[in-house]
Amino acid sequence: MAFVDKTIEVDADVREVYDAWTAYADYPEFMETIEVVTVTPEDQLHWVAVIEGDPCEWDADVVEQVPDEKVSWRACDGRETGEVRFEKLPATRPGSPFNWNTIRPPGKAKPTPCATGCAAAWSRTSVSSRR
């Protein structure tokens, strides 16, 4: 299985980072590959993106969401599962890191754009720039 594991430290409170991460409709404002994210009537997230010039769409279920702690998801087509965890840094260091993990089942063509694009976008932008 392909596995992405990335830790990013953000100079912001855990609640602020969690709230920004779960504001899916705002992703197009800071992620150049994402065109729109909407919640379907079935409470799934519908993603529309252009990745390396190719338009693509997919649906995902949020399978677990614990405020200020973690969000886990699964692409409805089975290509990807993932989780992001939020932690408070020790008092000697400002901000809060979050750990990004995603697993792609073997034999699948490529991960959904979220697996390759979200962590990279978060590493290039800060929560404070989206306030």
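Residues whose amide H falls under 5 Å from that of residue 7, counting only those 5 or more places apart or on a different chain, are 100, with hydrogens built in the peptide plane.
Computed extension length for residue 87-residue 6: 27.8 nm, one decimal, from 0.36 nm per residue of separation with the Cα-Cα distance subtracted. Each principal axis of the Cα cloud of the range 1-71 was evaluated for its coordinate range; sorted largest first, these ranges are 35, 31, 29 Å.
A short reminder: the numbers here are calculations on the coordinates, not readings from a lab. Keep in mind it's a predicted model, so treat the numbers as computed, not measured.
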